[in-house]
Structure formats: structure tokens, C-alpha cells
Amino acid sequence: MKTKQKILIGLAFAGGVIVCLLLFTGKSSGAGRYELATARAERTAINHSVTATGTVEPVVKVEVGTQVSGIIDKIYVDFNSVVSKGQLIAEMDKVNLQAELVSKEAELASSKTEYEYQEKNYARSKMLHEKQLISETDFETAVYNYERAKSSYDRILSEMTKVRRNLQYAIITSPIDGVVINRAVEEGQTVAAGFSTPTLFTIANDLTQMRVIADVDEADIGQVEEGQRVDFTVDAYPEDVFRGKVTQVRLEAVVTSNVVTYEVVISAYNPDLKLKPGLTANVTVYTLERPDILTIPAKALRFVPDEKILGAMQLAVEQMQAPSPGKKIVWQRSGNTLRPKLITTGVSGLNVTEVIEGLSDGEEIVLELLSTSSATPAPGGNPFMMGPRPPGGGGGPGGPGGPGGGI
């Protein structure tokens, strides 16, 4: 028993010695387990954008119909035909309309004869009535017949105007200069003009000037304004990027399956006629474009010096008062001292922030405090940044978090 007790006591003593050595070694080398990662202020660009989908369509598109019912007698244009304003493009069968016109002309002639007779009879009766040569009843009858004949004549005149106009409607002409993009009828087809005018042709004014009607989500519409630059692609030409500009943001909301969107009109120049009506466009609206501005990694604004760790690294931290409103703090290393510097910031990108005042191009700032013995930053750094990085290379151009990284 005594031998076992001696062995246990010896093991416990040896363990205590090892723990003490480890603690002492850890404390003595604490300063060597951390290093400062830095980055430089660099000039780059910050772009914000909104994506949406839309439909390509002509700027001016007219649907040509007919005011009268009947049979399509002749068609003079087809799909893709180029037409000019006033050009004859189709004719309706005119037989019934011409017969109706002849009938109305006969009615008009009869009505005119009756009207002229009653007008003379009224004038004669009036003169005799003034001389008291006819009774009051005879005069009233003459007045009644005259006014009735006049009303009938005026009605036939009005109907004649309508019949003549319907005969003109049987000749269908193009209302604008353009291209026929749709023909909805064939020769011999019967069309009925009831409560709505049937569409015979669709004519686009100028296919070199197109537009995209894009549906922008309600969460993004507040960023979209007239005049903003737009890039978009269509599936028909996946390698081509078409340019456009926002010309209108419509106020009326469109609700589809409880999803609220707003229509944004985008003008698009189409000199090669690649854009065809009805194509689906994948739209990118650039809501903010700031080229060639001074930026720093955004994480530099979140760095807070840990005086305990920095003291172990033999680095001093210069104290300062709280920044004034609108100002932010970044830290710079000068020899063995970390000094704060006040800057004014502007817009922010994905991982960089614009510097308006306080830094110049190429100035070095502290990015974070890294632990060289583990994969995590030290207190005051970014707890979400994993993996070691070399000294001073944490925010270099093109590196993660640097101004050259993705914006």
C-alpha cells in the first residue's frame, strides 16, 4: 500500500509540474500568438443594382379593327409587311353596304319631296290664316304635317351619313407608318363588330425603338428612378447584353398570387432588329453607380483595439474622445502605437465603404487582430472570418474584404 501511495503522489507531482510549465510558457509567449492585419485605402467602384424580368414590346403598337360586320373580301398585307400611313391593307365585302346606301338614297329623295311639299303647304296656310281665310284647325294640321316631314327628312339625312361612313369603314387602311407584326384574319372570314371592335392587324410603328416592361418587386421599387442605366439579356441571344434606360416608373401596383410588383418602362435601342416583340428580358437596373471612389474594407470600421492583447504585443493604444456625429473611427499603426483617425464615410458596397474625408489613396489602416495559433480572429476582429491569413494581407486588393474584392 505504501508503494502505491508513493507512486500516486509522484504522478500527481509530475502532473502539477507539467501544468505549471505549460501555463508559464503560454503566458510568456502570449505576445507571439497575435498579429495585426492591415489594408490600404484604394480607389474602386461601388455599384448597386436591382434585378427583374420583363417583356420586350414596341414603343408604339396599334391594333387595327373594323367598325362594321361582314366578310373580309381582300387582304393586301401579310406578317412583317412594311406599311405607310393611309395605305390600303384590307377590304370588306361592300355589296350589302352599297345596297343599304341605295335604299337610303331612295328614302332620302322621297322624304325630301314630302318635306318640300309640306313646307309650301305650310307657307300657304300661314298666309291664309293671317287673313283669317282658313280655320285654326286647318292651320294647325298644316303646321303638324310640315314639322313631321322636316323631322323625317333630318332623320334620313343622319342615317345617310352613317351609311356612307360604314361604306368607308369597309376600306381598311393603316393608321401609322410601321410593320405588320400580327394578322388575325383570312380572306373570306366573317367578322362581327358587336360590343367590341375585332382586331384584324397589329402594326408596330418602329422596331428599331423598343421598350421593356419590367415587373419590379415592391421591396426594390423604392430604389428605381427615371434615367437610371439598365442592362438586360434575352434567351434568344444569351451572349449579347442590351443597353437601356428607365423612362417611366408606373404608380399602379400589379398583384399576382399575393406578390406585389410595379411596372417599370425601359427604353431600348434596337438597330440590328434582334429584339423581337414578346421576348422575355432579364433586367438589371443600376440604382447606384459610383466609379473611381476611395474605399476601405468595411470590417476596418468594426475593429476595436484590445489593449490587453496589444500590450502583450508591446503595442500602445492612443486614447481619444468619442467621435462627433457623422464621423467614424479607423486605426493606424505608427511604430509601436495604434492611433485613431476620424473619417467621413459615404455609400457602402458588399464589403467596402466609401471614404469621403479623412484618408488619402494608399494610406494603411488596421483591419483586424488575428490569432496565429488558431483559425479565428482575436477579440476586436471579425468572429465570422475563418482561416489564417498572412500579416498585412487581410485586406489587400483582390483579397477577401479588400477593395478589390467583389463589390
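Okay, here's what the table says:
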| quantity | calculated |
| --- | --- |
| Carbon + sulfur, % of accessible area of the range 283-341 - ligands and nucleic acids excluded, 1.4 Å | 49 |
| Stretchable slack from T344 to K112, in nm (0.36 nm times residue separation minus alpha-carbon distance) | 74.5 nm |
| GluC sites (Glu not before Pro) within the range 199-277: DSSP coil, no more than 16 neighbouring Cβ in 10 Å | E218, E225, E226 |
| Rule-of-thumb Rg ratio for the range 249-348 [Cα; 2.2 N^0.38 Å; N residues] | 1.99 |
| Area accessible to solvent at H48, 1.4 Å probe radius, in Å² | 60 |
| Bins of 10 Å, starting at 0 and running to the largest distance - Cα pair percent for the range 180-237 | 14, 29, 24, 23, 11, 1 |
| Accessible area in square angstrom per residue, the range 186-243, 1.4 angstrom probe | 57 |
| Gyration tensor over alpha-carbon atoms, the range 83-240, equivalent ellipsoid semi-axes in Å | 62, 23, 12 |
| Among T345, M313, S324 - extreme Cα towards positive end, dipole of the range 290-362, charges at beta-carbon | M313 |
| The range 72-149 - Kirkwood radius from inverse mean 1/r over Cα pairs (Å) | 16.9 |
| Additional length obtainable on full extension of the chain from I356 to E186, 0.36 nm per residue less Cα span | 54.5 nm |
| Area accessible to solvent at D361, 1.4 Å probe radius, in Å² | 90 |
| Sites E225 and E307, calculated FRET efficiency, Cβ-Cβ separation with R0 41 Å, nearest 0.05 | 0.30 |
| Full-stretch length increase - K274, T197 - with 0.36 nm per residue and alpha-carbon distance subtracted | 24.5 nm |
| Normalised per residue, the volume of the convex hull around the Cα set of the range 139-191 (Å³) | 113 |
| 3J(HN,Hα) from dihedral phi, the range 210-216, Karplus parametrisation 6.51/-1.76/1.60, rounded to Hz, x for glycine, proline | 10, 9, 10, 9, 9, 9, 9 |
| With every protein chain in place, the range 118-220: carbon and sulfur % of accessible area (1.4 Å) | 47 |
| Solvent-accessible surface (1.4 angstrom probe) belonging to L88, in square angstrom, nearest 10 | 60 |
| Quotient of Cα Rg and 2.2 N^0.38 Å for the range 179-304, N being how many residues it contains | 1.51 |
| Solvent-accessible surface ranking, highest first, for I356, I213 at 1.4 angstrom | I356, I213 |
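The values are calculated or read from the model by the stated rules, or taken from the named source; none is laboratory data. What you are looking at is a predicted structure, and each value in this text was computed from that prediction instead of being measured. Glycine also receives a Cβ, built like all others from the backbone with ideal geometry; neighbour counts cover every protein chain displayed. Just so you know, the surface numbers come from the protein's heavy atoms only, side chains and all, with ligands and any DNA or RNA stripped out. Shrake-Rupley method; radii C 1.70, N 1.55, O 1.52, S 1.80 Å.
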